[in-house]
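Structure provided below as structure tokens; questions to follow.
The values are calculated or read from the model by the stated rules, or taken from the named source; none is laboratory data. This structure is a prediction, so every number in the text was calculated from the model and none was measured. Please note: Cβ atoms are built from the backbone with ideal geometry, for glycine as well, and neighbour counts cover all protein chains shown. Ligands, DNA and RNA are excluded from the accessible area calculation, which covers all protein heavy atoms including side chains. Shrake-Rupley method; radii C 1.70, N 1.55, O 1.52, S 1.80 Å.
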Amino acid sequence: MQGFTDPAKYQAVTANAADTSILNATGNSNGKAVPGNYSVEVQQLAQQQKIHSGGFTSTSGTVGSGVLTIQYGTYDSGSNTFTLNSAKPAQTITIDPSNSTLSGVRDAVNAANIGVSATIVNDGTSNKLVLTAKDTGAANSLKITVSDDDGTNLDAAGLSGLAFDPTAGAGSGKNLIQAQAAQDAKLRIDGIDITKSSNTITDAIEGVTFNLLKTNAGSPTALNISRDTAAVKTAVEAFAKSYNSINQTLSDLSSYNSAAKKGAILQGDSAAFSIQRGIR
């Protein structure tokens with residue numbers, strides 16, 4: 001009977017998108033999703049920011065030493081302003097002569113585990129340090145300031161070559177090159193515009209989780225949310241199988257085999273009959 005006592009069996013829903021290349025949707029078992037049909041248009045996918053350095057001849061080439069300070073926030077290109085993300089405090093990484101090479105800086109950034117990953121990409125002629133924010137969303141744009149041991153913090157020489165102030169000018173504190181901007185996911189559900197920082201969305205339609213895969217601006221796809229009757233069916237079938245099994249066992253144990261002229265081990269046992277009656 002345990003399968004019948006779980007309320008989630010009766011509250012579960014299924015969510016199916018007409019075009020699963022646009023998004024996947026799953027219903028949660030919290031009973032809050034309401035069956036219905038929706039129109040979903042994914043206008044923009046969330047993505048993390050990627051910035052990279054200029055080219056180095058070798059991964060063992062010296063970058064410089066000093067302190068990198070990484071901050072997170074939102075960059076507004078219209079007003080050329082950077083608003084700090086209060087949920088993410090500034091992080092610092094010390095680069096000393098022992099790890100001042102291109103590969104050393106990469107390893108130091110990754111070892112710091114501060115929400116930024118570093119890789120080295122060889123484009124065929126040179127090696128570039130690529131910094132990628134681990135979190136998607138416009139509020140996770142990067143700002144990198146440098147305290148350079150050479151005494152100049154904004155130029156492209158030494159460690160300050162890794163400075164990236166999006167509000168500054170190239171070669172004057174904005175010395176890394178942006179390959180991909182941080183941005184939020186934007187979608188429209190039944191004409192309602194929604195903005196989220198991630199492509200996995202749990203609170204757009206209550207009780208339903210979205211996983212956005214690609215855009216379909218101008219060509220909405222249908223989303224159907226319905227009760228998941230399969231879970232109830234499974235519980236009923238499991239009970240029927242269990243009931244038939246125990247009923248058959250009790251019958252076999254208490255029956256008389258006329259061909260063999262022999263009674264089963266519990267033939268005539270009142271307890272066996274009482275149990276069978278009780279279950280029925």
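From the backbone phi of segment 263-280, what are the Karplus-calculated ³J(HN,Hα) couplings (6.51 cos²θ - 1.76 cosθ + 1.60, θ = phi - 60°) in whole Hz, Gly and Pro given as x?
x, 5, 4, 10, 4, x, 6, 5, 5, 4, 5, 5, 5, 5, 5, x, 5, 4
What is the Å³ per residue value for the convex hull set by the Cα atoms of segment 1-103?
Cα-based convex hull of segment 1-103, divided per residue, equals 294 Å³.
Additional query: Using +1 on the beta carbon of Lys and Arg, -1 on that of Asp and Glu, and nothing else charged, what's the dipole of the chain about the Cα centre, debye to 20?
1380
Tabulate in residue order the Karplus-calculated ³J(HN,Hα) for segment 44-56, using 6.51 cos²θ - 1.76 cosθ + 1.60 with θ = phi - 60°, rounded to whole Hz; enter x for Gly and Pro.
Each residue's phi maps through the Karplus curve to give 7, 8, 6, 8, 8, 7, 10, 9, 9, 7, x, x, 10 Hz.
Also, I was wondering about something else. To one decimal place, what Kirkwood hydrodynamic radius in Å is obtained for segment 203-274 from all pairs of distinct Cα atoms?
17.8
Does the chain come out rounded, prolate or oblate by the C-alpha gyration tensor, with a ≥ b ≥ c the root eigenvalues, rounded set by a/c under 1.5 and, if not, prolate when a/b is larger than b/c and oblate if not?
Judged from the Cα gyration tensor, the chain comes out prolate (a/c at least 1.5, a/b above b/c).
Along the charge dipole of segment 109-210, pointing to its positive end and built from +1/-1 on Cβ of Lys, Arg, Asp and Glu, which listed residue (Ile192, Ala138, Ala168) has its Cα farthest out?
The Cα lying farthest towards the positive end belongs to Ile192.
Given 5 Å bins starting at zero, what is the percent of C-alpha pairs of segment 18-161 in each, up to the one with the largest pair distance?
2, 8, 14, 17, 15, 12, 9, 7, 5, 4, 4, 2, 0
May I ask which residue of Ile275, Ser86, Ala264 lies farthest towards the positive end of the charge dipole of the chain, with charges of +1 (Lys, Arg) and -1 (Asp, Glu) on Cβ and the Cα centre as origin?
The Cα lying farthest towards the positive end belongs to Ala264.
Could you state how much accessible area Thr200 has, in square angstrom rounded to the nearest 10, with a 1.4 Å probe and all protein chains kept in place?
Around 80 Å² of this residue is reachable by solvent.
Packing-wise, with mean Cβ within 10 Å as the measure, how do 205-215, 237-247 rank, highest first? Don't jump to the answer; show the numbers that get you there.
On the way: 205-215: 18.1, 237-247: 11.8.
Sorting 205-215, 237-247 by mean packing, highest first, produces 205-215, 237-247.
Might you work out the accessible area of Tyr10 for me, using a 1.4 Å probe with all protein chains in place, and round it to the nearest 10 Å²?
For Tyr10, the solvent-accessible surface is approximately 110 Å².
For Ala222, what charge total do you get from the other residues with a beta carbon under 12 Å from its beta carbon, if Lys and Arg give +1 and Asp and Glu give -1?
Taking every other residue near Ala222 into account, the sum is -3.
Want the number for Val232 to Thr83: 0.36 nm per residue separation, take away the alpha-carbon distance, what's left?
Extra length from Val232 to Thr83 when fully extended: 48.6 nm.
If you don't mind, another one. With θ set to phi - 60° and the Karplus curve 6.51 cos²θ - 1.76 cosθ + 1.60, what are the ³J(HN,Hα) couplings of segment 207-216 in order, to the nearest whole Hz, using x for Gly and Pro?
Result, rounded to whole Hz: x, 10, 10, 9, 10, 6, 10, 7, 7, 9.
Find the centroid of the Cα atoms in segment 197-211 and in segment 94-122, then give the distance between the two in whole Å.
One Cα centre to the other: 34 Å.
In debye to the nearest 20, how big a dipole does segment 74-168 give about its Cα centre with +1 on each Lys and Arg Cβ and -1 on each Asp and Glu Cβ?
So the magnitude is around 360 debye.
Just to verify a number: what accessible area does Thr101 come out at with the full protein assembly present, 1.4 Å probe, Å² rounded to tens?
40
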